[in-house]
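Here's the structure we're looking at; comments come further down.
The values are calculated or read from the model by the stated rules, or taken from the named source; none is laboratory data. All of these numbers come straight from a predicted model, not from anything done at the bench. With ideal geometry, Cβ positions are generated from the backbone for all residues, glycine too; neighbour counts draw on all protein chains shown. What goes into the accessible areas is simple: the full protein's heavy atoms, side chains included, and nothing from ligands, DNA or RNA. Shrake-Rupley method; radii C 1.70, N 1.55, O 1.52, S 1.80 Å.
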Amino acid sequence: MNIPVNFDYAATTPVDPSVVSDMLPYFSINYGNPSSVHSLGQRAETALEVARSTCANLINTSNNEVIFTSCGTESDNLALRGCALFQRRQSGANEILTTPVEHHAVTRTAQQLQDLYGFELVYLPVDMYGMVDPSEVKKRISKKTTLVSVIYGNNEVGTINPIADIGRICRELEVPFHTDAVQAAAHLSMDMKRDNLNLISVGAHKMYGPKGVGLLGLNMLPGLLPSQTGGGQEFNYRAGTQNIPLIVGMAKAFSLAQEDIDNRNNELISLRDQLISGVLDQIPDAYLTGHPTLRLPNHASFVFSGIDGNRLLIYLDSKGFTCSSGSACKVGSSKPSDVLLSMGLTPELAIGSLRITLGKETTTDQINSLISALELSVQQLRQ
Ligand SMILES: *Cc1c(COP(=O)(O)O)cnc(C)c1O
């Protein structure tokens with residue numbers, strides 16, 4: 001069986017071998033419960049606190065402001081639900097200010113807060129690249145706002161938002177600011193103080209770490225209501241015995257992702273731009289989605305007119321390349337992505353979306369063969 005060439009690193013990544021070896025002892029030798037008083041427990045507790053301190057440094061906050069969770073999705077859920085409910089209890093504020101280009105972990109949580117808890121959702125407009133204009137935040141933020149949530153680097157179209165500028169506005173008006181940095185933290189330096197962030201979501205499996213672990217970073221946050229109650233773990237914000245091997249793996253993967261960022265990004269950007277110009281030059285009626293330069297270094301996304309994106313994925317898969325349509329739609333339900341529609345694309349064009357994301361293993365040769373396979377697939381589908 002031929003192993004396909006992976007061009008879907010934004011969906012997930014393989015776990016780095018050094019991450020695996022750091023994790024292994026915590027399954028079977030140092031398997032203690034960090035809440036136990038005895039030495040076995042204390043060894044686990046030490047590993048937990050070392051991992052916490054590593055992650056705290058990487059996002060520039062203090063150790064007691066890192067909450068380990070089970071994934072990026074849980075971090076987003078805890079951020080939105082915990083912050084909105086806390087703020088409403090404190091001040092009666094009742095609005096959530098967010099964008100139409102968030103990951104479902106944010107949009108569907110916000111939607112539930114509206115439907116079940118009576119919050120009002122206010123949406124910031126985005127431009128044709130899916131980017132938020134900070135002046136729109138200034139216009140729409142008010143004393144009624146419980147929190148502002150804006151995605152850092154977009155998973156579907158790659159666009160990087162002006163997070164620091166939005167943060168400054170939120171800080172001036174003393175409204176908590178959350179960002180979903182699950183994609184961004186794999187490639188860009190993170191700093192909660194530089195960006196005036198109160199809450200940041202990070203996940204491990206998009207950065208060569210294990211699935212099933214994430215963190216929510218806090219910084220100068222007035223308060224947060226737990227969404228999972230029980231024991232006093234994670235400073236009473238997230239009950240449940242910590243998963244030490246996964247947390248150790250996350251800290252290692254996050255450290256590796258933040259090492260030598262500039263050199264690695266220069267390499268990725270050069271491959272990415274080779275891919276983008278190749279596709280736009282060689283395939284008629286192909287358009288880049290998302291910002292041409294202010295985008296994640298490993299991320300290219302397109303729409304092709306007259307094409308069903310899901311069928312394109314199947315054609316590419318049969319030629320040995322795994323890509324994504326960009327959104328989480330399953331084969332058989334070709335619906336245009338809400339993110340692309342909110343950027344002003346027509347439904348006909350939005351249906352033909354393709355996301356190609358690069359990783360550590362990607363080579364120039366692989367990109368050239370992908371472009372040829374894509375050119376052929378688009379031709380076949382248009383016939
Ligand atoms: C993958 C992803 C998530 C969800 O993270 P999981 O760890 O898979 O739950 C949230 N937000 C963004 C932007 C993502 O890319």
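Between the amide H of L147 and those of L97, distances stay under 5 Å, these residues lying 5 or more places away or on another chain, with hydrogens modeled in the peptide plane. When the alpha carbon gyration tensor of the chain is reduced to an equivalent ellipsoid, the three semi-axes, largest first, read 35, 27, 17 Å. The GluC sites (Glu not before Pro) found in segment 219-284 that occupy coil by DSSP, while having at most 14 further C-beta atoms within 10 Å, are E259. Could you run the Karplus curve 6.51 cos²θ - 1.76 cosθ + 1.60 with θ = phi - 60° over segment 183-192 and give me ³J(HN,Hα) per residue in whole Hz, x for Gly and Pro? Result, rounded to whole Hz: 7, 5, 5, 6, 9, 10, 5, 10, 7, 5.
Our summary gives segment 208-299 a relative contact order of 23 percent, counting only alpha carbon pairs under 8 angstrom and 6 or more residues apart.
The long axis of helix 309-318 is offset from the longest Cα principal axis of the chain by roughly 80 degrees.
Per atom type, segment 120-270 shows carbon and sulfur on 51% of its accessible surface, probed at 1.4 Å. When restricted to Cα atoms, segment 35-173 yields an Rg and a Dmax of 17.5, 58 Å, respectively.
Counting only residues at least eight positions apart within a chain, or on another chain, the lysines with an alpha carbon under 28 Å from that of K138 are K193. Other residues with beta-carbon under 15 Å from the beta-carbon of H103 carry, at +1 per Lys or Arg and -1 per Asp or Glu, a net charge of -3.
Taking square-rooted eigenvalues a ≥ b ≥ c of the alpha carbon gyration tensor, is segment 163-273 rounded, prolate or oblate, where a/c under 1.5 means rounded and, failing that, a/b exceeding b/c means prolate?
Oblate shape, in that a/c is at least 1.5 and b/c is the bigger or equal ratio.
Restricting attention to the chain, close to 55% of DSSP beta bridges with both partner residues there are antiparallel. C323 contributes an accessible area of around 20 Å² to the protein surface, as traced by a 1.4 Å probe with all chains present.
Amide H neighbours of V5 under 5 Å, at least 5 residues apart or on other chains, H built in the peptide plane: list them. Amide H neighbours of V5, under 5 Å, 5+ apart: F321, T322. Here the 3J(HN,Hα) profile of segment 293-305, calculated from phi with Karplus coefficients 6.51, -1.76 and 1.60 at θ = phi - 60°, is 10, 7, 9, 4, x, 9, 10, 10, 9, 9, 10, 10, 6 Hz, Gly and Pro shown as x. Taking 17 Å as the straight-line reach from the Cα of K206, the aspartates and glutamates in range (excluding those fewer than 8 positions away in the same chain) are D8, D16, E74, D76, E102, E156, D180, E259, E361. Rounded to the nearest whole Hz, the Karplus-based 3J(HN,Hα) values (6.51 cos²θ - 1.76 cosθ + 1.60, θ = phi - 60°) of segment 57-63 follow the sequence 5, 5, 10, 6, 9, 8, 4, with x at glycine and proline. Computed with a 1.4 Å probe on the full set of protein chains, the accessible area for I247 sits at about 10 Å².
When only the Cβ of Lys, Arg, Asp and Glu is charged (+1, +1, -1, -1), the dipole of the chain relative to its Cα centre reaches about 780 debye.
About the centre of its Cα atoms, segment 244-319 shows a dipole size close to 200 debye [charges on the beta carbon of Lys, Arg (+1) and Asp, Glu (-1) only; nearest 20 debye]. In the context of the full set of protein chains, the chain has a per residue accessible area of 42 Å² (1.4 Å probe).
With the helix formula -39500 (n - 2.57) applied to DSSP H stretches of n ≥ 4, the chain reaches a computed 222 nm mean residue ellipticity of -12500 deg cm²/dmol.
Taking all protein chains together, K335, K360 sort by accessible area into K335, K360, largest first [probe 1.4 Å].
Where a ≥ b ≥ c are the square roots of the eigenvalues of the C-alpha gyration tensor, would you call segment 1-115 rounded, which needs a/c under 1.5, or, failing that, prolate if a/b is larger than b/c, or oblate?
Oblate is the answer for segment 1-115, as a/c is 1.5 or above yet b/c matches or exceeds a/b.
Mean-square fluctuations from a GNM of the chain, with a 10 angstrom spring cutoff on Cα atoms, peak among N310, N155, N266 at N266.
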